[in-house]
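Asks: Could you have a look at this structure, given as structure tokens, before my questions?
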Amino acid sequence: QLQLVESGGGLVQAGGSLRLSCAASGRTFSRYAMGWFRQAPGKEREFVAAISWSGSITLYADSVKGRFTISRGNAKNTEYLQMNSLKPEDTAVYYCAARPSTIATMRRDEYDYWGQGTQVTVSS
């Protein structure tokens, strides 16, 4: 079993930046690809970014490409989402996710583990 805990959410003005973190514990000896998803009120959870086990492959939703950067810590049991040039439409609960594979994917149903979520609110 793998546990994921997000942190770093908050309230920021449009144009500002936030950095989300996700710490994994439990079966961290296994190799996991990781990702970030978000869910706004009344909407489905959507893909934001993903990173392979090695960190060499990253994927982004078109809506965040060029503004968000996903990365992993050296110990591979942490991931980060640097969010710049934030917009009000980025407001959502952001979820960390992991899958027991070295390969990153945009597919929500291919992630087995989820964090509890952290709120990001961008004011205009």
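Asks: Can you tally the net charge around R45? Count Lys and Arg as +1, Asp and Glu as -1, for every other residue whose Cβ sits under 9 Å from the Cβ of R45.
Replies: +1
Asks: Tell me the Rg and the Dmax, in Å, that the Cα atoms of the range 73-124 produce.
Replies: Spelled out, the Cα radius of gyration and Dmax of the range 73-124 are 13.2, 39 Å.
Asks: Using packing as a proxy for protection, rank 84-94, 61-71 so that the peptide with the highest average count of other Cβ atoms within 10 Å comes first.
Replies: Details: 84-94: 17.1, 61-71: 15.1.
So the peptides 84-94, 61-71, ranked by packing, come out 84-94, 61-71.
Asks: Explain nothing, just compute: Karplus ³J(HN,Hα) = 6.51 cos²θ - 1.76 cosθ + 1.60, θ = phi - 60°, for every residue of the range 85-97 in order, whole Hz, x for Gly and Pro.
Replies: Running phi through 6.51 cos²θ - 1.76 cosθ + 1.60 with θ = phi - 60° gives 6, 5, 10, x, 6, 7, 4, 4, 8, 9, 10, 8, 9 Hz.
Asks: Taking amide hydrogens as modeled 1.01 Å from N in the peptide plane, which residues meet the under 5 Å criterion relative to K87, leaving out close sequence neighbours?
Replies: Residues meeting the criterion, in which the H sits 1.01 Å from N, are G15.
Asks: Percent of Cα-Cα pairs per 10 Å bin, from 0 to the last occupied bin, for the chain, please list those.
Replies: 15, 50, 29, 6, 0
Asks: What accessible area per residue, rounded to a whole number of Å², is obtained for the range 1-64 using a probe radius of 1.4 Å?
Replies: 51
Asks: First compute the accessible area of the range 78-124 with a 1.4 Å probe, then give the percent of it belonging to carbon and sulfur atoms.
Replies: 47
Asks: How many percent of all Cα-Cα pairs in the range 1-57 sit more than 16 Å apart?
Replies: The answer is 60 percent, as a whole percent.
The values are calculated or read from the model by the stated rules, or taken from the named source; none is laboratory data. Because the structure is predicted, anything quoted here is derived from the model rather than measured. All Cβ positions, glycine included, derive from the backbone under ideal geometry; neighbour counts span all protein chains shown. The accessibility values were calculated without ligands, DNA or RNA, using every heavy atom of the protein model including side chains. Shrake-Rupley method; radii C 1.70, N 1.55, O 1.52, S 1.80 Å.
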